[in-house]
Amino acid sequence: MLGVINLIHEADEMETLTASRCLATVPFGARYRLIDFMLSSMVNSGISKVAVFAQTKYRSLIDHLGSGKHWDLHHRQSGLFILPPVTDDVNEIRRGDLYHFYQHRDYFTRSSQEYVLITRSHMICNIDFEELLVSHKASGANITVICKKQNDLLGGKARKVQVDEKGRITSMQDHYGRLNTDLISMEMYLMKKELLLEIVDSSLAQGQDHLVRHAIMSRLDRLHIQSYVYEGYLGVVNTLTSYYQNSMQLLRPEVWKSLFFEPGPIYTKVKDEPPARYAEGAKTSNSLVANGCIIEGTVINSILFRGVHVRKGAVVRNSIIMQNGIVGENSIVDHVILDKDVTVERSRELRGAEVSPFLATKRKVI
């Protein structure tokens, strides 16, 4: 299989968290980025060539992925390709993913793999795509869509899917549709490379340039589009509420073990940091604390990224503090998300709500 992580017009309601970065590189889980989960799943499934179709704000993406060596994709027989738009024309950049696939069609035509797996970055899971390929071949389908039965998306937004008794998809709607179903699309599509190239050419010739909205949803009655139901943990992270809620789910040991280690480990860009240091009198409970942190105060039910400093007398509850954040002496943060390099000065109090956490953006002093 060829791997494609499609960032073109990816659903994004993350407010200022994505003001200067694309959704794929939003920090998650104390040391990871959202894209790490899909990229690691591909590598663990034996996919050795992966293309990331970028659209906007991809500087942090290039910095994070680099040559792909942290995912073992830097060898001659493998490869990680970051494919930005080929033009600076704003109107061209805004076109759909099929147009961008066409602009980079040499990635597909020069590859010897028979199948193409197209995914998004905001579906947080750990999945074996080899099992998907076996199921796809056995069903005889033209396209297989990975789906998940899940009623509560914790604030995330996903496409709804309806299937017949044999699992064939009969209807598909955007999240705001009225389709009465608990089956959602995980935005992962497996098909033969020849079929994808045919869809690209025929759809663009008809003035249609979106893979799902135009090419797939309009062909439900003409192509055999099969569902493959995923049974593992799934987090749909494309809104601020879903980011916070799914982050808090990581504090449950069963979720952490399932997401990060089964069926394979999740890889990320390695940064050498000293172990976290806990000063005398520091207190922590049910939290993820990354390397390089200094804890002098109290941390409860929270996620701390690398280099966070919680100073003496400070209390951090139910919060997410990203890299190099500082919580000053005797300050209180509760239901708060602090982006990278944010400083909370001494004796301040910040409180949000579970459904609407307080968000402070990068390089800000409060």
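Any residue at all in segment 254-261 that is open to solvent by 60 Å² or more (accessible area, probe 1.4 Å) and not charged (D, E, K, R)? Yes. Of the candidates Ser227, Ser203, Ser218, the single residue that is in a strand (DSSP E or B) and either over 24 Å from the mean Cα position of the chain (by Cα) or within 21 Å of Met42 (Cβ to Cβ) (or both) is Ser227.
Lys340 meets the conditions (1) touching a Ser or Thr at 6+ places or on another chain (Cβ under 7 Å); (2) in contact (Cβ under 8 Å) with a residue 60 or more places away in the chain; (3) open to solvent by 40 Å² or more (accessible area, probe 1.4 Å) in every case but one. The failed one is (1).
Please determine whether any residue of segment 350-357 is surrounded by fewer than 20 Cβ atoms within 10 Å (Cβ to Cβ), within 21 Å of the chain's Cα centre (by Cα) and not charged (D, E, K, R). Checking segment 350-357: at least one residue is surrounded by fewer than 20 Cβ atoms within 10 Å (Cβ to Cβ), within 21 Å of the chain's Cα centre (by Cα) and not charged (D, E, K, R). Arg94 meets each of the listed conditions (1) touching a residue at least 40 places away in the same chain (Cβ under 8 Å); (2) under 24 Å from Arg159 (Cβ atoms); (3) open to solvent by 10 Å² or more (accessible area, probe 1.4 Å); (4) charged (D, E, K, R) apart from (1). Among the criteria (1) at pLDDT 95 or above; (2) outside the structural domain of Gly156 (by the TED database), the one Val229 does not fulfil is (2).
From the list Asn301, Asn286, which one is within 26 Å of the chain's Cα centre (by Cα), open to solvent by 70 Å² or more (accessible area, probe 1.4 Å) and farther than 29 Å from Ile62 by Cβ?
Asn286
With respect to (1) open to solvent by less than 40 Å² (accessible area, probe 1.4 Å); (2) under 22 Å from Ser41 (Cα atoms); (3) part of a loop (DSSP other than H, G, I, E, B), the lone exception for Lys271 is condition (1).
Screening segment 152-196 for strands (runs of 3 or more DSSP E) wholly inside it with 1 or more residues that are under 25 Å from Ile5 (Cα atoms), out of contact with any strand residue (DSSP E or B) (no Cβ under 9 Å at 6 or more places or on another chain) and among the β-branched types (Val, Ile, Thr) returns no ranges.
Scanning segment 49-66 for residues that are under 18 Å from Asp106 (Cα atoms) and of a type in the set (D, E, K, R) yields a single hit, Lys49. Restricted to segment 180-196, and to residues there that are within 18 Å of Val116 (Cβ to Cβ) and surrounded by fewer than 17 Cβ atoms within 10 Å (Cβ to Cβ), the residue that is nearest to the chain's Cα centre (by Cα) is Lys192. Which one is most open to solvent (accessible area, probe 1.4 Å), of the residues in segment 231-253 that are in contact with a strand residue (DSSP E or B) (Cβ under 7 Å, 6 or more places away or on another chain), within 21 Å of Asn318 (Cβ to Cβ) and among the polar types (S, T, N, Q)? Per the criteria, the residue is Gln249. Of the numbered criteria (1) over 30 Å from Glu262 (Cα atoms); (2) surrounded by 16 or more Cβ atoms within 10 Å (Cβ to Cβ); (3) among the β-branched types (Val, Ile, Thr), the one Val86 fails is (2).
In this structure, Lys57 does satisfy being open to solvent by 40 Å² or more (accessible area, probe 1.4 Å) and more than 28 Å from Gly264 (Cβ to Cβ). Out of Leu80, Leu133, report the one residue that is in contact with a Phe, Trp or Tyr (Cβ under 9 Å, 6 or more places away or on another chain), open to solvent by 20 Å² or more (accessible area, probe 1.4 Å) and either over 19 Å from Leu190 (Cα atoms) or part of a strand (DSSP E or B) (or both). Leu80 is the lone residue from the list that is in contact with a Phe, Trp or Tyr (Cβ under 9 Å, 6 or more places away or on another chain), open to solvent by 20 Å² or more (accessible area, probe 1.4 Å) and either over 19 Å from Leu190 (Cα atoms) or part of a strand (DSSP E or B) (or both).
Scanning segment 1-27 for residues that are among the small types (Gly, Ala, Ser), buried (at least 21 other Cβ atoms within 10 Å of the Cβ) and under 12 Å from Thr56 (Cβ atoms) returns a single hit, Ala24.
The values are calculated or read from the model by the stated rules, or taken from the named source; none is laboratory data. Keep in mind the model is a prediction, meaning the values are calculated, not measured. Every residue, glycine among them, receives a Cβ derived from its backbone with ideal geometry; neighbour counts consider all protein chains shown. In case anyone asks, the SASA skips ligands and DNA or RNA and just uses the protein heavy atoms, side chains included. Shrake-Rupley method; radii C 1.70, N 1.55, O 1.52, S 1.80 Å.
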